[in-house]
Structures are given as C-alpha cells and as structure tokens.
Amino acid sequence: MDILSKMLEAMVVTLREGIEAALVVGVLLAYLRKTGREALSRYVLLGLAAAILASLAGAFFIQRYGLDPENEVLEGTVMFVAAGLVGSLVVWMWRTGRSIRQRLEERLDTLAGHAGPSALATHAALGVFAFAFLMVLREGVETVLFLAALSGTIGANPLYNVLGGGLGLLLAILFGYLLVQGSVRINLQRFFGITGVVLLILVGKLIAGGFHEFFEVGLIPSSPFWLEVIGLFTRETTSLLILILLIALPGLCLAWDGWRMPPPAESSPATAAERRKGLAGFRRARRWTLAAGTGALTISLVLSSFLIVQATRGYDPTPVRVAPQNDAIRLAFPEDEKLHKHVVDVDGVPVRFFLLKRKDGSLASAFDVCYICPAKGYLQDGDHLFCKNCDAPINEASVGMTGGCNPIPLKVDADGAQVTVAMEELVKGRDRFVKR
C-alpha cells in the first residue's frame, strides 16, 4: 500500500505538470496551424525536446549530488522551496486561467510575426524555439524540485518517484496528443480553478513536511498543538486523500465538459461533406473527453478503497497494565515477532513501553513515544513501526537509535527467557507522557 501510494503521488505530480506543458504546446501548435505558419511547428517541438532534456539533466544532478536522506535541514528547505513554487503556480493559474490561450497566442504572434522566408529561419524560428523551451522548462523545473521534495518526505523512495513519475509522463503525453489532435477539449479556467484548490492542500503537506524536518533537528521550537496539525498533513491517509481529489475533481471537470459540449454551429456556405466532417470531429472530441473524465473518476474510486484499507492498516495492540515488584517489571521474553505493549503507573502517570522480538532473535525495547511527536505511540506494519501522529516509518532494526521520530530507547535486561525493566529506567521517560 505504501509503495502504491508513493508511486501515485509521483504520478500525479508529473501528470499535472505534464498536462500543463501539453496545454502550452497544444495551444502553440494549434495557433500556428490556424494562422498558416505551420512551418514553425517543428521549432515548438524542438523547444519541447530541449526543455525535457534540460529537466532530465537537472533531475540527474539532484539525484547524483542532491538530497542526503540524513540531512533534515536540506530536505526541509527543498520542501519549502517546492511549496513556494507550487503556491505561486496556483496564484498564476487563478489570475490567468481565463486568458491564458489569448496571452500565449499574442506572445507567439509577436515572436513569429509575418516575416518572410529569410527571417523565418532566424528571428521567428529562434523566438518560437526559445518561447516553447522556456514555457516547458518551467514545468520541468517545478517537476524536478517537487519530486525531490517528495523524495525527502516520510516513507519516500526514489524508485517510487521514477516508476510513478514515468507513468504520469506517459499519460501526459497521451493527453497532449489527444489535445493537439482536437480529440479532447477542456475549459482551462475551470480546470485550473479546480486543480488549484487541491494543489493548495498539497502545498500545505509540503510545508508541514518541511516543519517536521526542522523540528527533528531542533532548528525551530515545536509544540504539541503544531505537531498535531503537522501530523494531519504528513499521514499516509492525507496523501491518498489529496491524490483522490487531484484525480477526481479534474475528472468531473472533463466529464462535465464532455457531457455539455455543444455541437458545431452550422454555417450556410458549408457543404454536406464539411458538415459531416465537423460533426464527426465533434463526436470524437466528446467521446474522448467523456472517456478521460470517466477514467479519472474510476481511478479515484479505486483509490478510495485503498484509502479505507490504509486507514485500518497495521497491528496496534492494547497495552497490558503491569505492576512493579521490588522496583522492577518482569515479563516473559516475546515468543513471536509482534509488538507487545505494556503500561505502568509512574508517580501517577501512565507510562507506555513496548518489547519486540526482531527477526534475528534480538530484542528491541523502547518507550511507546518518539522525541518530538505527541505521545500517540506506534503501530506495526510488516517490519516497520509507524508513528501514529505523523506516519513516520521506523525500521525495526533501527529501534534503539536516538533522535526525531525514533522511539525513545528503554534500557532492559534480557536473558532469552525473561525481560527485566527497572523502575528507575521507566522514570526517565515519565515526562513524555505527562498531558500538556
């Protein structure tokens, strides 16, 4: 489930940015064809190819020399930068969504002009190439930074970004092809407005992730209230909910546009063949637009079932209350590899801790709380523990390490048959369970 959700998150990022690039390229190519300057179309495609190569080079550079998974400051900074870029993108979409086609056409008209054959090979061609390159490169840079930020989020894996991002790009290419061919028609203002609202939620998720990284290293002070808020954004269920909205709402937009698409207006000079051709084009566009919307809604329904599974995942046993004898707790050594939780009163405060037998037979022992999050504890899913506040994954092999969302270590004595926990060790974790 974690692998699928992370792949889908990367897929939505590349699909969203790829659709924007496809819209730009589609508008440029359609306008050149409409104004009789189709010879310049190849320079649009060359600009597109150059922008893609430049974006891939940037992705390689970040992957080769970029994020250190142990550098929380760098990860948090990249998340804040990506959030700023996406936030500015949303503002731009809302301000220009109504007139984006007109603005692109006016700019292209200025660059291409009505020059003759000699100028076409120089000023116009270079202008169209540079315009397409810069417009698409912006989307590429945003994609690279956004995926880099997602690579630093909780539970991320660069391989998921590659697989999910590649699938998103393939779908964006298909969308762009259908758009250029006139097979899909979309209301840009409505599309940008709807997706912009959901992208703002995604911006909130990135900002929350950046604060979480800074909290881990103590760069900025935290509080239980803000950690609760940040936990809402960083959880896996929140990521899936954002994905569902990012797919479902544009899907509704496409389905609505396809259903309400008006037939072509009849013009008196048109011949019967021209009317049949126009009607066939209308039916094709309506069919593809409805199919795209229906497909997106189907995917969102499938993801909704995953959301239900994700919300009920993991093993989280009820802590067993124990009492000390001679200033110590004595428990049987765990026989299975499941999480065993216990709670004991320490000066009137219920202190939780857990024991876990690793796959190699060694014992992991820790308080059921991390260094920074509220004392909600952990649940077990496979060979990982997950913080119940922020969903941070902790490999069972790393239980006992200090810092961040790792469970606070608890020193115990174990002989293979019995585990002894001294009360003086439990006292050390008491303050983390005091309600504030």
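The values are calculated or read from the model by the stated rules, or taken from the named source; none is laboratory data. Every value quoted in this text rests on a predicted model; they were computed, and no experiment measured them. Neighbour counts are summed over all protein chains in view; Cβ atoms, including those assigned to glycine, are modelled from backbone coordinates with ideal geometry.
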**Item:** Tally of residues being out of contact with any Cys (no Cβ under 9 Å at 6 or more places or on another chain) and either under 25 Å from Leu171 (Cβ atoms) or not hydrophobic (A, V, I, L, M, F, W, C) (or both) across the range 223-247
**Value:** 13
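Among the residues of the range 236-248, is there at least one that is more than 18 Å from Met11 (Cα to Cα) and buried (at least 16 other Cβ atoms within 10 Å of the Cβ)?
Within the range 236-248, the subset more than 18 Å from Met11 (Cα to Cα) is none.
Looking for residues that are more than 18 Å from Met11 (Cα to Cα) and buried (at least 16 other Cβ atoms within 10 Å of the Cβ), one finds none in the range 236-248, hence no.
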**Request:** Test each condition in (1) basic (Lys, Arg); (2) in a strand (DSSP E or B); (3) at pLDDT below 95 for Arg313 and report the one that comes out false.
**Result:** (2)
**Complete:** How many residues of the range 316-337 are surrounded by 18 or more Cβ atoms within 10 Å (Cβ to Cβ) and touching a helix residue (DSSP H, G or I) at 6+ places or on another chain (Cβ under 8 Å)? The answer is 1
**Prompt:** Is it true that some residue in the range 151-162 is at pLDDT 75 or above and in the same structural domain as Leu232 (by TED's automatic domain parsing)?
**Reply:** no
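Can you tell me which residue in the range 58-74 is surrounded by the most Cβ atoms within 10 Å (Cβ to Cβ), limited to those that are at pLDDT below 70 and not in a loop (DSSP other than H, G, I, E, B)?
Taking the range 58-74 first, the residues at pLDDT below 70 are 62-72.
From what is left, the residues that are not in a loop (DSSP other than H, G, I, E, B) are 62-65, 72.
Working: Ile62: 17, Gln63: 16, Arg64: 7, Tyr65: 8, Glu72: 21.
Checking each candidate, the answer is Glu72.
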**Fill in**
When (1) touching a Pro at 6+ places or on another chain (Cβ under 7 Å); (2) in the same structural domain as Ala417 (by TED's automatic domain parsing) are applied to Gly278, the one that fails is (2)
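Using the structure shown, decide if Lys376 is modelled with pLDDT of 85 or more, touching a Lys or Arg at 6+ places or on another chain (Cβ under 8 Å), among the basic types (Lys, Arg) and over 19 Å from Val412 (Cα atoms).
Values: modelled with pLDDT of 85 or more: yes; touching a Lys or Arg at 6+ places or on another chain (Cβ under 8 Å): yes; among the basic types (Lys, Arg): yes; over 19 Å from Val412 (Cα atoms): yes.
Judged against the criteria, Lys376 is a match.
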**Message:** Looking at the range 234-250, can you tell me whether even one residue there is modelled with pLDDT under 75, more than 28 Å from Val81 (Cα to Cα) and not hydroxyl-bearing (Ser, Thr, Tyr)?
**Reply:** no
**Prompt:** Taking strands (runs of 3 or more DSSP E) that do not extend beyond the range 338-411, which have at least 3 residues that are crowded, with 16+ Cβ neighbours inside 10 Å?
**Reply:** 339-346, 349-357, 363-370, 378-381, 384-387, 407-409
